[in-house]
1. How large is the direction-averaged shadow of the alpha-carbon convex hull of segment 106-226, in nm²?
2. Percent relative contact order of segment 1-120, based on C-alpha pairs within less than 8 angstrom and at least six residues apart?
3. Would you compute, from DSSP H runs of 4+ residues alone, the mean residue ellipticity of the chain at 222 nm, taking -39500 (n - 2.57) per run and dividing by the full residue count, rounded to the nearest 500?
4. Which order results if 330, 360, 174 are arranged by neighbouring Cβ count within 10 Å, fewest first?
5. How large are Rg and Dmax for segment 204-293 when only the alpha carbon atoms are used, in Å?
6. I want to check the label-to-label distance for residue 403 and residue 267. Put each point 7 Å from Cα in the C-beta direction and report it in nm to one decimal.
7. What is the order of 367, 479, 127, fewest Cβ neighbours within 10 Å to most?
8. If all Cα-Cα distances of segment 395-483 are sorted into 5 Å bins from 0 onward, what percent lands in each bin, rounded to whole numbers?
Ligand SMILES: Cc1cc2nc3c(=O)[nH]c(=O)nc-3n(C[C@H](O)[C@H](O)[C@H](O)COP(=O)(O)OP(=O)(O)OC[C@H]3O[C@@H](n4cnc5c(N)ncnc54)[C@H](O)[C@@H]3O)c2cc1C
């Protein structure tokens with residue numbers, strides 16, 4: 001890899017949003033970059049496919065994109081020129097209750113707050129400062145651990161974000177506001193008593209107000225396609241169907257960036273790492289898995305509440321107590337009968353997803369890592385609970401347990417879709433405590449996946465920071481600051 005003459009300046013292994021972001025940043029600097037993907041299609045967690053019936057397009061993994069729309073790096077790219085169009089559902093998210101009430105995440109802070117009744121002011125007091133401070137803290141939240149550029153703003157954000165959502169929820173009096181927070185915090189895929197879960201909730205809420213929770217027209221695949229088309233337009237090269245199991249398979253390059261998780265990296269390059277770095281990666285922890293369902297539907301989901309029928313995303317878990325209990329049970333290795341379900345209904349807002357008059361829906365729940373249990377009935381019962389008659393509109397379904405998730409994408413170890421546990425112990429030091437988390441112990445080998453800061457989600461910022469580090473170390477190129 002260190003020879004003066006190489007086939008490529010850089011090779012990126014894995015074409016998820018982070019691999020694509022890394023490849024683009026390096027190609028933008030005029031380097032020659034090859035992007036290798038193990039599967040036959042690009043995109044990693046951005047793939048869409050006809051999983052059920054002809055004419056229905058489903059997002060196999062990610063579906064809703066506040067993080068992509070708000071990504072400081074993606075926002076610098078001309079992605080609309082390469083076919084990416086975001087659609088903004090009428091309501092970003094809805095959270096229904098057994099008693100018929102529903103709370104919603106809307107673009108406007110005041111409208112959202114108003115739906116929380118007695119907690120209207122408490123919501124504004126909690127969320128408005130995060131929105132106001134976002135331009136000051138974004139670089140710190142969306143990057144590696146470092147001394148914050150704006151310490152006061154970061155401290156204001158940090159003391160709320162680092163708390164457990166079960167504690168932060170004490171700011172609210174009403175069960176509705178507590179549950180709204182719990183549903184957002186559960187995206188952390190950790191028990192709600194875990195420190196740092198509030199950060200997930202606050203960022204998702206803030207993004208909802210700052211950017212909305214859009215879906216890409218035609219499916220998440222179109223984010224990957226736009227990124228890839230832009231990369232190729234710059235002169236980048238992509239090869240699919242090339243699964244990398246050994247460094248020997250790679251063409252010569254000055255830098256190799258891996259959009260994969262520590263376990264795979266150890267298998268591929270472990271023999272090149274220092275014993276201490278290997279030891280660190282071996283201790284990397286993976287989080288809960290997911291069980292995923294996609295449906296082709298004869299009509300829209302017949303939610304009892306009008307708000308749910310107008311929302312891109314629906315959180316099905318009723319109260320905070322119920323969500324907290326089921327997430328804890330799952331974390332402890334059990335399969336709750338009424339799991340917290342995250343559901344998206346893209347075809348309500350995007351008529352390219354299904355035949356006319358028909359619909360698609362996407363949902364998953366958390367399960368213990370490596371679980372083999374079929375959770376179809378539990379998930380469908382949860383939907384039916386808030387949408388009586390749902391089962392009658394199902395035309396076809398596609399299910400994926402943790403093994404099938406990992407078959408689809410080898411990064412989903414045991415069904416973990418976050419690239420590793422979001423526990424506070426490794427949230428900021430993923431994959432290992434180092435000056436730069438993107439550098440391995442071997443010169444020229446980098447990790448750029450969601451197993452690095454800022455972690456899971458479609459934002460490309462792990463890839464951006466990793467490529468920035470490689471550009472500095474290997475090519476002596478500094479890229480202008482974007483945040
Ligand atoms: C069910 C589900 C729902 C989700 N919902 C959302 C959502 O709504 N919004 C959101 O922002 N995020 C969501 N996510 C998370 C998001 O998809 C991931 O965090 C994101 O895709 C991680 O990006 P990445 O580039 O790090 O890795 P990935 O997207 O996982 O990409 C890694 C790529 O590397 C390839 N690869 C792996 N090993 C090798 C190898 N040895 N050789 C060659 N290629 C290899 C894989 O095939 C894959 O293409 C969801 C994920 C899942 C599974």
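Readers should treat all values here as calculations from the given coordinates under stated rules, not as data from a laboratory. This is a predicted model, so every value here is computed, not measured. Ideal geometry is used to build each Cβ from the backbone, glycine not excepted, and the neighbour counts take in all protein chains shown.
1. Numbers: hull surface 33.9 nm².
About 8.5 nm², averaged over all directions.
2. Numbers: 117 pairs, mean separation 16.2, N = 120.
RCO, segment 1-120: 14 percent.
3. Numbers: 17 runs with 166 residues, N = 483.
Using -39500 (n - 2.57) per qualifying helix, the result is -10000 deg cm²/dmol.
4. Values: 330 23, 360 26, 174 17.
The most exposed by this proxy come first: 174, 330, 360.
5. 18.2, 47
6. Modelled inter-label distance: 1.6 nm.
7. On the way: 367 27, 479 14, 127 21.
By the 10 Å Cβ count, ascending, the order reads 479, 127, 367.
8. 3, 13, 19, 20, 17, 12, 7, 4, 3, 1, 1, 0
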